[in-house]
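The values are calculated or read from the model by the stated rules, or taken from the named source; none is laboratory data. Nothing here was measured: the structure is a model prediction, and the numbers come from that model. All Cβ positions, even for glycine, are placed from backbone atoms using ideal geometry, and neighbour counts span all protein chains on display. Ligands, DNA and RNA are stripped out before the accessible areas are found, and what is left, the full protein with its side chains, is counted by its heavy atoms. Shrake-Rupley method; radii C 1.70, N 1.55, O 1.52, S 1.80 Å.
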Amino acid sequence: MIIVLRPDHQEEDLSRIVQRLEDMGLRAHISKGEHRTIIGAIGDERLIAELPMQSFPGVESVLPILKPYKLVSREFKPENTVIRVNGSEIGGQQIQIIAGPCAVESREVLDEIADAIQPAGVKFLRGGAFKPRTSPYAFQGWGEKGLKFLASVRDRHGMMVVTELMDPRDTVLVCKYADIVQIGTRNMQNFRLLTEVGNIDKPVILKRGLCATIKEFLMSAEYIMAQGNEKVILCERGLRTFETETRNTLDISAVPLLKQLTHLPVIVDPSHAVGRVDLVPAMAKAAIAAGADGLLVEVHVRPEEALSDGPQSLRPKDFSKMVEDCRRVAEAVDRFI
Ligand code: PEP
Ligand code: MN
């Protein structure tokens, strides 16, 4: 339920309502916008329906939230969520580019990649130390050694680190090195893991599951937010379809749709979406035109030597050209990179 307060409400009206909700074992989520303060009541729907909130002083209107997701919904919080990480914003006017190799391979290669992408204005370095591979015989990532490489390259370049967490048992370890924690597509409905990152104080990139509907995707984001972590970034990364020419099919309509349904930042991963380096720049431009708040892109200095996802990893030269083209698209939609 959403309780909209009158513009002239008193502070004590607000605290009385919050107290009443809490007395009933419900959670009150306060959102103070420029023009309106709204309170979201979260908990047992039957209890919420019985509350006579309309008659409380300071209340303008009471609206039910019909959608199964609450905290993530735009009804709940009309303004965009802007996530601040070390002075950079995700979800604001600026479009952020997160780039780097699929997997962290060595400190030297990571360093070369960081050197090559930073001039394009990249502030976030990606790279997996724990890799979710289809084959148990494929390179699984270096674990903590990889996290240490990321941290040392971050310190040398002054960039921020985005890396995947696959197992709740590694949460403390990954959080020690990551500025943003990524939940991969295969774990979008790993509810234990979602609950775990709901309790950390770091932004979380939640990648859409291979076959997840928008509703399922948002319910997974709700899992994280329900624990108290409001810094969730949604990432569209392509869906599994009948098409075999591309690795997945990028659901570009998910971008404006998610922006409509939720206040959370939405980014796009064109690399995993198509799995082919020749199509990545076009998808990146399309994502920005569609309203994405950022891109997650795989880049490698020598894709032919990459330990994973070489065929979809851009060379730095092509990456820089792509970013330049994206800048122009961003300007056309009143954003900047
Ligand atoms: C990744 O970004 O490293 C990754 C494994 O992507 P996804 O979970 O989308 O397959
Ligand atoms: Mn990859």
Starting from the Cα-Cα distance between SER88 and GLU12, subtract it from 0.36 nm times their residue separation and give me the gain in nm to one decimal. 23.8 nm
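Working from the pairwise distances between different alpha carbons, so that the mean of 1/r is found and then inverted, what is the chain's Kirkwood radius in Å? Walk me through the numbers before you get to the answer.
Numbers: mean 1/r = 0.0481 Å⁻¹.
Averaging 1/r across every pair of different Cα atoms and inverting gives 20.8 Å.
Counting only heavy atoms of the protein chains, get the accessible area per residue of the range 2-63 (1.4 Å probe) and round it to a whole Å² value.
On the way: 3580 Å² over 62 residues.
With all protein chains present, the range 2-63 gives 58 Å² per residue.
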Quick check: the angle from helix 144-157's long axis to the longest principal axis of the chain, C-alpha only, nearest 10 degrees? 90
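Explain nothing, just the number: relative contact order of the range 2-63, from Cα pairs under 8 Å at least 6 residues apart, as a whole percent.
Values: 92 pairs, mean separation 30.2, N = 62.
Relative CO of the range 2-63 lands at 49 percent.
For the cross-link pairs LYS123/LYS285; LYS176/LYS317; LYS145/LYS207; LYS32/LYS131; LYS77/LYS317; LYS176/LYS215, which exceed 30 Å when the distance is taken from alpha carbon to alpha carbon?
Details: LYS123/LYS285 19 Å; LYS176/LYS317 32 Å; LYS145/LYS207 24 Å; LYS32/LYS131 40 Å; LYS77/LYS317 41 Å; LYS176/LYS215 32 Å.
Among LYS123/LYS285; LYS176/LYS317; LYS145/LYS207; LYS32/LYS131; LYS77/LYS317; LYS176/LYS215, the Cα-Cα distance tops 30 Å for LYS176/LYS317; LYS32/LYS131; LYS77/LYS317; LYS176/LYS215.
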From the Cα centre of the range 221-269 to that of the range 150-171, the distance in Å is 22
Can you grab the distance from the C-alpha centre of the range 113-145 to the C-alpha centre of the range 191-214, Å, no decimals? 19
Provide, for q = 0.27 Å⁻¹, the log10 of I(q)/I(0) from a solvent-free Debye sum over equal Cα point scatterers in the range 2-63. -1.25
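Select from the range 16-125 those chymotrypsin sites (Phe, Trp or Tyr not before Pro) which occupy a DSSP coil region and have at most 12 other Cβ atoms within 10 Å, ordered by residue number.
Working: sites: TYR69, PHE76, PHE124; in loops: TYR69, PHE76.
Taking the range 16-125 and a limit of 12 other Cβ atoms within 10 Å, no loop chymotrypsin sites (Phe, Trp or Tyr not before Pro) are found.
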If I model a spin label at GLU108 and SER31 as a point 7 Å from the Cα along the Cα→Cβ vector, what separation in nanometres do I get? 5.1
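Between LEU210 and ARG315, what's the calculated FRET efficiency when r is the beta-carbon distance and R0 is 25 Å? Round to 0.05.
Working: r = 27 Å, r/R0 = 1.09.
Approximately 0.40, to the nearest 0.05.
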Could you go through the range 97-105 in sequence order and give the Karplus-derived ³J(HN,Hα) for each residue, using 6.51 cos²θ - 1.76 cosθ + 1.60 with θ = phi - 60°, rounded to whole Hz, and x for Gly and Pro? 10, 10, 9, x, x, 4, 10, 6, 9
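How large is the dipole of the chain about the Cα centre if only Lys and Arg carry +1 and Asp and Glu carry -1, each at its Cβ, rounded to the nearest 20 debye? Kindly include the intermediate steps, with their values, before the conclusion.
Working: 43 positive and 46 negative charges, 77 e Å.
Using only the charged Cβ atoms, the result is roughly 380 debye.
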Express the carbon and sulfur contribution to the solvent-accessible surface of the chain as a percent, rounded to the nearest whole number, probe 1.4 angstrom. 53
